[in-house]
Amino acid sequence: MRIEENKPLAAFTTFGIGGPARWFVEAASEDEIVEATGWVRERGLKLFVLGGGSNLLVSDAGFDGLVLRVGLKGIRAHKGTHPKNEPGDPWLYEVCAGEDWNRFVEQVVQDNCAGNECLAGIPGTVGGTPVQNVGAYGQEVSSTIGMVRAFDLRAGVFREFTNAECAFAYRRSRFNTTDWGRYIVTRVDYYLRPGGAPTLRYADLQRAVQESGPAGREPSLTEVSAAVRRIRFGKGMLIVAGDPDCHSAGSFFKNPVVSEEQAAQIAALVGKEPPRFPAGPGQVKLPAAWLIEQAGYTKGYALGRAAISSRHTLALINLGETGGRSGASAAEVLALADQIKAAVEARFGIQLEMEPVLVGF
């Protein structure tokens, strides 16, 4: 295990923003995670666990402690091993936390196993998916996760959590709420359905599939995942080298859940019905992007070198270095986010929640 000093963190994030870590280590095994966390504990340092860097904003000052990057790799597929022996006999995939999420989705789609096909193109690593209950286009990982293995920093032991014990909710789990900062995820097990039908709940995904595939038959998992990637690319939500719209943390704000009554009040205020999705009895989920646009913030709006993506209102981006100007600072991104939040709250009475994790603030 090699511990480095004053390691720049910007290159480890999709935002491309952030100062250095006072100490930095990449753990390639569970033993190295135990060793690194023991090193931190002995010295009384702060600890931050880094995965794919796709859902965080690092402060300009960096992080005054140890950044532990989870680099555990490996995927094991087991056919027909569901403990309940349910119809369809799902396949079990045991996936180490450092594996690239998009590559894993590509593998299971090639295996013709359904359950994660709508989550194609999402940046980051497998270990981050249960923490935030990653979801898109009608799917969430909570519907396929069977078990999460994690190191308990408080007790110094490894624990395995069933799906129910993870306490999944919309963009939430025990790992980013009640037990925030306590566990380091090292492996996630997924149960996926061989030969299962793809999930087609969202209208824009249905349209994208219909436009590209033959009519009159159910699309394949490959066709659906490809359509998801095209949509993500069109919104600047797919990591593409050289594309400035990709220097972001994806969706910067969560889609708020409101009551039916509040949604009706918003419709009356704006003079048209907002897009909405069911979110339980008496509640609906509204697109944060729509609220932001109705509050006066449009694609391409910039504050310094931080801006709203030119392709999707929900993504804040780092315009990068051009014309002798440096890229965006973390302070500029937060200032832009605060402007947007204040405008939405002033117009609709809704407080938007940020999705990215803030590091070193």
TODO: With unit charges on the beta carbon (Lys/Arg positive, Asp/Glu negative), name the residue among Ser259, Ala295, Ile239 whose Cα is farthest towards the positive pole of the charge dipole of the chain.
DONE: Ala295
TODO: Grab the beta carbon distance between Glu353 and Glu4, set R0 = 41 Å, and tell me the FRET efficiency rounded to 0.05.
DONE: 0.75
Open item on the list: Full-extension gain between Phe361 and Asp64, please, as 0.36 nm times their residue separation minus the C-alpha to C-alpha distance.
Closed with: 105.9 nm
Open item on the list: At a 10 Å Cβ-Cβ cut-off, how would you order Ser212, Ser225, Ser310, Ser142, fewest neighbours first?
Closed with: Ser212, Ser310, Ser142, Ser225
Open item on the list: Could you list Cys113, Cys118 so that the one with the fewest beta carbons within 10 Å of its beta carbon is first and the one with the most is last?
Closed with: Cys113, Cys118
Task: Options Gln107, Pro219, Gly181, ranked by Cα towards positive dipole end of the range 75-234, top entry (Cβ charges) - done: Gly181
Task: Fully extended contour minus Cα-Cα distance, from Asn112 to Glu345, at 0.36 nm per residue - done: 79.5 nm
TODO: List the trypsin sites (Lys or Arg not before Pro) within the range 233-307 that fall in a DSSP loop (any state other than H, G, I, E or B) and whose Cβ has at most 12 other Cβ atoms within 10 Å.
DONE: Lys272
TODO: Would you order Asp245, Asp64 from fewest to most other beta-carbon atoms within 10 Å of each residue's own beta-carbon?
DONE: Asp64, Asp245
TODO: Against the globular-protein guess of 2.2 N^0.38 Å, express the Cα radius of gyration of the chain as a ratio, rounded to two decimals.
DONE: 1.01
Task: Label point distance in nm, Phe277-Ala197, each placed 7 Å from Cα along Cα→Cβ - done: 2.0 nm
TODO: Compare the Cα positions of Phe48, Pro123, Phe277 along the charge dipole of the chain (+1 at Cβ of Lys, Arg; -1 at Cβ of Asp, Glu; about the Cα centre) and return the one farthest towards the positive end.
DONE: Phe277
Task: Overall dimensions of the range 1-103 as given by Cα atoms, namely Rg and Dmax in Å - done: 17.2, 53
Open item on the list: Is there a quick way to get the dipole size of the range 75-234? I mean about its Cα centre, with the Cβ of Lys and Arg at +1 and of Asp and Glu at -1; what is the value in debye to the nearest 20?
Closed with: 320 debye
Task: the range 293-361: translational diffusion in µm²/s, Stokes-Einstein, Kirkwood Rh over Cα pairs, 10 °C, 1.306 mPa s - done: 125 µm²/s
- [ ] Would you mind computing, in nm to one decimal, how far apart the modelled labels at Thr177 and Arg159 are, each placed 7 Å from Cα along Cα→Cβ?
- [x] 1.6 nm
- [ ] Would you compute, for the Cα atoms of the range 75-234, the largest minus smallest coordinate along each principal axis and list the three values in descending order, in whole Å?
- [x] 56, 35, 23
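FYI, it's all coordinate maths here, none of it is from the lab. These numbers come from a predicted model, not from an experiment. We place every Cβ from the backbone using ideal geometry, glycine too, and count neighbours over all the protein chains shown.
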